[in-house]
């Protein structure tokens, strides 16, 4: 059980200490819940912080149940999407992609995202449930030709963590907790409030402005 996302980030930092001050490493996190975790790792290890935008596609009868995920340039679908109509999937993909474009503009403003080419990417979230969103992000990151992709998570079910460990695109997977009685990421946090956009923007600015001040 973690007190909050910041504590989870501190504990992950200890497992990632070998990357401290590594000029080729960068922390990439999934908004919005992953930002406090990624920010803490970035601060502890003196690494730049970046985001990757992805959002799950919910089942038409239960929006919380993921049947796939969408990024700005990609979409993955699970086997559970086989019985869902193409019209629904395409409509949700277009709707989600429009939302992601708005978020990208909001988070970055006029700033450009950091290139991941030849970088050691430490991909972080506050936890993983089905893995659809995370896998879509891995696919998106790989297109930028990083030298390594390391997945770092506070918690996830054993089956999903094993799936990540077996992915050819992932060089290393670190997960602090892999409980068999997994129902949702939030059950392993004492504090698990939603992270507002304003906090995402603030943490991104704080991480990279403080890094510039020390270089």
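The values are calculated or read from the model by the stated rules, or taken from the named source; none is laboratory data. The structure displayed is predicted, hence computed values, not measured ones. Virtual Cβ from ideal backbone geometry, glycine too; neighbours counted across all protein chains shown.
Can you tell me how many residues within segment 130-188 are touching a helix residue (DSSP H, G or I) at 6+ places or on another chain (Cβ under 7 Å), part of a strand (DSSP E or B) and crowded, with 19+ Cβ neighbours inside 10 Å?
The total comes to 7.
Residues in segment 201-215: is at least one more than 15 Å from residue 47 (Cβ to Cβ) and touching a residue at least 60 places away in the same chain (Cβ under 8 Å)?
yes
Out of 96, 57, 84, which single residue is more than 30 Å from residue 21 (Cβ to Cβ) and assigned to a loop (DSSP other than H, G, I, E, B)? Even if it seems obvious, please write down each step before you answer.
Working: 96 fails: assigned to a loop (DSSP other than H, G, I, E, B); 57 fails: assigned to a loop (DSSP other than H, G, I, E, B).
On inspection, the qualifying residue turns out to be 84.
When residue 106 is evaluated against the numbered criteria (1) under 30 Å from residue 2 (Cα atoms); (2) outside any helix (DSSP H, G or I); (3) modelled with pLDDT under 95, which criterion, by number, is the only one it fails?
(2)
Going through segment 11-27 one residue at a time, which ones are in contact with a strand residue (DSSP E or B) (Cβ under 7 Å, 6 or more places away or on another chain) and either under 22 Å from residue 178 (Cβ atoms) or assigned to a helix (DSSP H, G or I) (or both)?
11, 12, 15, 16, 19, 27
Taking the conditions exactly as written (under 24 Å from residue 150 (Cβ atoms), crowded, with 17+ Cβ neighbours inside 10 Å, out of contact with any helix residue (DSSP H, G or I) (no Cβ under 7 Å at 6 or more places or on another chain) and touching a residue at least 40 places away in the same chain (Cβ under 8 Å)), does residue 41 satisfy them or not?
When the stated conditions are applied, residue 41 does not pass them.
Of the conditions (1) surrounded by fewer than 22 Cβ atoms within 10 Å (Cβ to Cβ); (2) in contact with a strand residue (DSSP E or B) (Cβ under 8 Å, 6 or more places away or on another chain); (3) in contact (Cβ under 8 Å) with a residue 24 or more places away in the chain; (4) within 28 Å of residue 179 (Cα to Cα), residue 8 clears all except one; give me its number.
(1)
So which residues in segment 162-193 are closer than 18 Å to residue 76 by Cα and either at pLDDT below 95 or within 17 Å of the chain's Cα centre (by Cα) (or both)? Spell out how you get there, then give the answer.
Narrowing segment 162-193 to residues closer than 18 Å to residue 76 by Cα: 163-164, 166-170.
Across segment 162-193, the qualifying residues are 163, 164, 167, 169, 170.
Scan segment 64-103 for residues that are surrounded by 12 or more Cβ atoms within 10 Å (Cβ to Cβ), at pLDDT below 90 and over 20 Å from residue 143 (Cα atoms) and jot them down.
Matches in segment 64-103: 65, 66, 78, 80, 103.
Within segment 111-125, can one find any residue that is within 22 Å of residue 176 (Cα to Cα) and either modelled with pLDDT under 95 or surrounded by fewer than 23 Cβ atoms within 10 Å (Cβ to Cβ) (or both)?
Yes, some residue in segment 111-125 is within 22 Å of residue 176 (Cα to Cα) and either modelled with pLDDT under 95 or surrounded by fewer than 23 Cβ atoms within 10 Å (Cβ to Cβ) (or both).
So is residue 123 in contact with a strand residue (DSSP E or B) (Cβ under 7 Å, 6 or more places away or on another chain), touching a residue at least 60 places away in the same chain (Cβ under 8 Å), farther than 21 Å from residue 56 by Cα and not in a helix (DSSP H, G or I) or not?
When the stated conditions are applied, residue 123 does not pass them.
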